[in-house]
Amino acid sequence: MGFFDFLTEEIAIDLGTANTLIIHNDKVVVDSPSIVARDRISGKIIAVGKEANMMQGKTHENIKTIRPLKDGVIADFDASEQMISLFIKNIPALKKKFFNPALRMVVCIPSGITEVEMRAVKESCERVNGKEVYLIHEPMAAAIGIGVDIMQPKGNMIVDIGGGTTEIAVIALGGIVCDKSVKVAGDVFTNDIIYYMRTQHNLYVGDRTAEKIKIQIGAATEDLELPPEDMSVQGRDLLTGKPKQVQISYREIAKALDKSILRIEDSVMETLSQTPPELAADIYNTGIYLAGGGSMLRGLDKRLSQKTDLPVYIAEDPLRAVVRGTGIVLKNLPKYKSVLIK
């Protein structure tokens, strides 16, 4: 191994449905939307990440924006491979190299993923020069990123609300004791908002606008201590066909998202009900940890707390909790050997 060691670069990847993050040398070097824009005629990728995201919903027929991941798994193998490859090429430290270094990677994947889907992730990474590819379950990475000592014989509950999936897991002794993966997460919230705007305001808005509404005034409950200001939303009027603007308050978004949040609540309750009694006792003391972008929805922590009667904590910088955990695993591979998926 010796000689090749300095030719091998180590990177940690959180390959998410909505955002892809990469850590190299303990720094987050890539934090971009998981989206690519492809030229239909030549088949070439013309933009990736933030640039491609700006194009979403604004393309003509020769450009197509693709989100290669759906529900946390690779839906478009080609596009995902090109996306990962472009992201890796954009890492400043690797740009200076003459040749593409061999890569040692740790990549995280949803816990409810099948063998076939797992292999797709692995092959995608091997195609972009990944000589050693290790996989780790997302809730596990989130727990490590939050700072939970997962090796202890103590139960901890993690709820990771991403773009495509919500991962709920009870972790003890460096393993997942019980878990549930539901396909209700950020993307579903965005679609709920689009649907609500259509049905309640006869206003047709695109994905990007709905996403903006979610971030600016999204809420999980109608009684917030610090309510956000109302927001003006522009879109197309479905009755007249003219562009129009409406004022939206956070209360309406709370209504729009209610059903989806109920489904997440139910999944959390179900996972709690499957937890062995000793671990349930631990969780009563430690509470529930929230990670992922979805955990930033205003009032969600309060709502889960009321439902479960447990304290709910949001990770600091929840969007990066998973990739931070993946980076820690990468640095201490021997210690976390048992956590990795064979």
(request) Looking at (1) touching a residue at least 40 places away in the same chain (Cβ under 8 Å); (2) open to solvent by 70 Å² or more (accessible area, probe 1.4 Å); (3) among the charged types (D, E, K, R); (4) more than 23 Å from Met55 (Cα to Cα), find the lone condition where Arg198 falls short. (result) (4)
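Please find, among Ile84, Ile41, the residue that is of a type in the set (A, V, I, L, M), at pLDDT 90 or above and closer than 30 Å to Val116 by Cα.
On the way: Ile41 fails: closer than 30 Å to Val116 by Cα.
That would be Ile84, the only listed residue that is of a type in the set (A, V, I, L, M), at pLDDT 90 or above and closer than 30 Å to Val116 by Cα.
Considering only segment 220-270, state which residues are aliphatic (A, V, I, L, M) and not in a helix (DSSP H, G or I). Please lay out each step first, then the result.
The first filter runs over segment 220-270 and keeps only residues aliphatic (A, V, I, L, M), leaving 220, 224, 226, 231, 233, 238-239, 246, 248, 253-254, 256-257, 261-262, 264, 268-269.
Across segment 220-270, the qualifying residues are Ala220, Leu224, Leu226, Met231, Val233, Leu238, Leu239, Val246, Ile248.
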(request) Taking the residues in segment 201-227 that are within 17 Å of Leu297 (Cα to Cα), in contact with a Lys or Arg (Cβ under 7 Å, 6 or more places away or on another chain) and not polar (S, T, N, Q) as candidates, determine which candidate is most open to solvent (accessible area, probe 1.4 Å). (result) Glu222
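Here is a check on your reading of the model: is Leu203 over 18 Å from Leu304 (Cα atoms) and free of Cβ contacts under 8 Å to residues at least 40 places away in the same chain? First the steps, then the outcome.
Working: over 18 Å from Leu304 (Cα atoms): yes; free of Cβ contacts under 8 Å to residues at least 40 places away in the same chain: no.
It is false that Leu203 is over 18 Å from Leu304 (Cα atoms) and free of Cβ contacts under 8 Å to residues at least 40 places away in the same chain.
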(message) Ser249 - would you say it is on the phi < 0 side of the Ramachandran plot, touching an Asp or Glu at 6+ places or on another chain (Cβ under 9 Å) and surrounded by fewer than 18 Cβ atoms within 10 Å (Cβ to Cβ)?
(response) yes
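Are there helices (runs of 4 or more DSSP H) fully within segment 90-157 with at least 3 residues that are under 22 Å from Leu290 (Cβ atoms)? List them. Full working, then the answer.
Values: elements: 92-95, 115-127, 138-146.
In segment 90-157, the matching helices (runs of 4 or more DSSP H) lie at 138-146.
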(request) Filter segment 297-328 down to the residues that are without any contact (Cβ under 8 Å) to a residue 40 or more places away in the chain and part of a helix (DSSP H, G or I), then identify the one that is surrounded by the fewest Cβ atoms within 10 Å (Cβ to Cβ). (result) Gln306
(request) Those residues that are touching a residue at least 24 places away in the same chain (Cβ under 8 Å) and either surrounded by fewer than 18 Cβ atoms within 10 Å (Cβ to Cβ) or of a type in the set (Val, Ile, Thr) (or both), I need them from segment 179-195; list them, please. (result) Val182, Lys183, Val184, Val188, Thr190, Ile193, Tyr195
(message) Can you find, within segment 269-296, the residue that is most open to solvent (accessible area, probe 1.4 Å) among those that are among the aliphatic types (A, V, I, L, M) and under 22 Å from the mean Cα position of the chain (by Cα)?
(response) Met296
(message) Under 6 Å between Cβ atoms, which residue pairs at least 6 apart in sequence (or on different chains) link something in segment 57-71 that is basic (Lys, Arg) with a partner that is in a strand (DSSP E or B)?
(response) Lys64/Arg38
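The values are calculated or read from the model by the stated rules, or taken from the named source; none is laboratory data. Everything numeric here is computed off the predicted structure, so don't read it as measured data. In this analysis, Cβ positions are derived from the backbone assuming ideal geometry, glycine residues included, and neighbour counts consider all displayed protein chains. Surface areas here come from the heavy atoms of the whole protein model, side chains and all, with no ligands, DNA or RNA. Shrake-Rupley method; radii C 1.70, N 1.55, O 1.52, S 1.80 Å.
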